[in-house]
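The values are calculated or read from the model by the stated rules, or taken from the named source; none is laboratory data. Note that the coordinates shown come from a computational prediction; the quantities given were computed from them, not determined experimentally. Cβ sites come from the backbone with ideal geometry, for glycine too, and all protein chains shown count toward neighbours.
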Amino acid sequence: MPASFLVLCACVLGFYHVEATPDTLSFQDSSFCHGGLEVIYPGLDIDKCLIIPKDLKLREKVSTVWKSPQIYFSGAQKKKMYVLVMVDPDAPSRTKPTSAHWRHWLVVDVQGSALKKGHMKGTTLTEYAPLTPPQKSGFHRYQFMLFEQLPDAPVSLTEREKSSRGKWDLEAFIRRFHLGEPVATLQFLTQNYKD
């Protein structure tokens, strides 16, 4: 995406580019992000690991107002297909993640040519679910992982996986479809906006 276009969007739409500082994230949380994945909500552009600040009502907007974000990956190869996974590994809380990995969004057959332009053209297996960390459950990590999909290898969910978003065995899913390591990852932390 041309830089001039992003600058124009930031000026016209009032995007907030939130900066993460070393004292806001642990090393483990800040080292999760790699590959240049960008997640763009209507008023929030995320291109590195960070904590969504409480000010500007961003936590409330990401939970109750904004729908699925735009996904941009400059490193996408035009002729390849990708799988986008969004999970909460901290459901219902980071200290007791008994429902991890809670599947927020799953899109397969994502066209690399569209992804390079910030569009998601693919097959949605799990519709986007807004972020709803329970009150008093602390910070949750919301993780986006982009995998390269093997050619002519359809990706699907089992009937059991379709029946529940929680307790999803992400590792088994990755192994089943030979997805390997993600080509790009991004995460942000937020908590219930009333906390």
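Hey, which of the strands (runs of 3 or more DSSP E) in region 15-107, taking only ones fully inside, have at least 2 residues that are under 19 Å from T124 (Cα atoms) and among the β-branched types (V, I, T)?
Of the strands (runs of 3 or more DSSP E) lying wholly inside region 15-107, those with at least 2 residues that are under 19 Å from T124 (Cα atoms) and among the β-branched types (V, I, T) span 37-41, 81-88.
Going by the conditions given, is L186 under 26 Å from S31 (Cα atoms), under 19 Å from the mean Cα position of the chain (by Cα) and either in a loop (DSSP other than H, G, I, E, B) or not small (G, A, S) (or both)?
Against the criterion (under 26 Å from S31 (Cα atoms), under 19 Å from the mean Cα position of the chain (by Cα) and either in a loop (DSSP other than H, G, I, E, B) or not small (G, A, S) (or both)), L186 qualifies.
So is F5 of a type outside the set (S, T, Y), more than 15 Å from the chain's Cα centre (by Cα), surrounded by fewer than 16 Cβ atoms within 10 Å (Cβ to Cβ) and modelled with pLDDT under 75 or not?
The answer is yes for F5.
Exactly one of (1) modelled with pLDDT of 95 or more; (2) surrounded by 13 or more Cβ atoms within 10 Å (Cβ to Cβ); (3) among the small types (G, A, S); (4) more than 18 Å from C33 (Cα to Cα) is unmet by A172. Its number?
So the condition that A172 fails would be (2).
Just give me the residues in region 125-147 being in a strand (DSSP E or B) and within 14 Å of the chain's Cα centre (by Cα), in sequence order.
T126, H140, R141, Y142, Q143, F144, M145, L146, F147
Looking at P130, P134, P151, which one is surrounded by fewer than 16 Cβ atoms within 10 Å (Cβ to Cβ) and either touching a helix residue (DSSP H, G or I) at 6+ places or on another chain (Cβ under 9 Å) or of a type in the set (A, V, I, L, M) (or both)?
P130
Looking at S113, is it in a loop (DSSP other than H, G, I, E, B), of a type in the set (S, T, N, Q) and at pLDDT 95 or above?
It is false that S113 is in a loop (DSSP other than H, G, I, E, B), of a type in the set (S, T, N, Q) and at pLDDT 95 or above.
So, in region 44-60, exactly how many residues are surrounded by 17 or more Cβ atoms within 10 Å (Cβ to Cβ), over 16 Å from R141 (Cα atoms) and either more than 13 Å from the chain's Cα centre (by Cα) or of a type in the set (A, V, I, L, M, F, W, C) (or both)?
Final tally of qualifying residues: 1.
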